[in-house]
Amino acid sequence: MKISRPLRENRQHGDLLFPVSAYETKMEQDFEMPLSYHWHPEIEIFFITSGKANFQVEAEPFIIEEGDVLLIKPNALHGSHDCFGTQLEFRAVVFDYSFLSGMANDRIEQKYLNPLFSEEQGHFILLREKNSIQKALFEMLNKTFFVFDEKEKGYEVLVRAYLLQVVYDILMLQKGEIKPVKTNTRKSEMIRKIVGFVEENHTQRIVLNSLAAYLSVSEGYLDRK
C-alpha cells in the first residue's frame, strides 16, 4: 500500500537561483500557539532567541528553549505547540541541500554534507550545549538572518558562506559527543498513516475502531499510543 504524504508545506522557500529563505516569529506572553505540523524537502535550521516551546520531529517530542539550535533534515514531519505562557521568539533559515553542495559529489559533499544530512541516523539534530562553539553557532545563525533580511549588495555570497560556517560549527559540536537522534521509524510511519487517514476522512466522524482497522492494529494498542 502506498503511504500518502499529507501536510507538505505550501510555501516556496527562495527560488530556483537562490533556494533559501529566513524567517522570524514573535509571540506574546499567553498567546495560544497553534499546532503547525508539516514537512518540506528543504533543510531547516530553527533557533530560539527567547522563551521555550514544545516541539516534535516525526515521533520524537522535546522542549526547546533560548539558545537551542535544531537542524531538521529534509522531508521530516515537524511542528511546535505550547509556548508555556511565556514570550516566544524564534528564527529559521530554510534552504535546499543543493545550495551548499557545490560541485556534485566532491570531497566536501562526500565527507561532510552527506553524513550530516542523511536520515539514516535520524531526522534531526538538536544542539543545546552551552559552550563557546554553540555560542559561535548561534551568533552565525543570527548573522545569516540579518544579512538575508537586509539584502545589501552581495548578500547571497555571505548567506552561503555563513551557512557553510554553520555546518562547520555543527560538525565541531558533534565532536563533543552531540549525536543525531535516531527516531522511532515504526512510530513515525504510524503517525504519517494517521495524518493521511484523518485528511482523507476529515468530513466524516472518525472513530477509534475504523482507524485501528486502517492501521491493522487493535483498538487497545492504538489507545495506549
* To do: Only residues that are closer than 17 Å to GLU89 by Cα, buried (at least 18 other Cβ atoms within 10 Å of the Cβ) and of a type in the set (S, T, N, Q): list them for the stretch 133-153, please.
  => THR144
* Asked: Does the stretch 59-67 include one or more residues that are under 18 Å from VAL167 (Cβ atoms), open to solvent by less than 30 Å² (accessible area, probe 1.4 Å) and either in contact (Cβ under 8 Å) with a residue 40 or more places away in the chain or outside any loop (DSSP other than H, G, I, E, B) (or both)?
  -> no
* Which condition breaks for MET27 when tested against (1) modelled with pLDDT of 85 or more; (2) buried (at least 16 other Cβ atoms within 10 Å of the Cβ); (3) hydrophobic (A, V, I, L, M, F, W, C)? -> (1)
* Asked: Is one or more of the residues making up the stretch 157-179 modelled with pLDDT under 60 and either on the phi > 0 side of the Ramachandran plot or among the small types (Gly, Ala, Ser) (or both)?
  -> yes
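The values are calculated or read from the model by the stated rules, or taken from the named source; none is laboratory data. Nothing here was measured: the structure is a model prediction, and the numbers come from that model. Cβ: placed from backbone, ideal geometry, glycine included. Neighbour counts: every protein chain shown. Heads up: the accessible areas ignore ligands, DNA and RNA and are worked out on the full protein's heavy atoms, side chains in. Shrake-Rupley method; radii C 1.70, N 1.55, O 1.52, S 1.80 Å.
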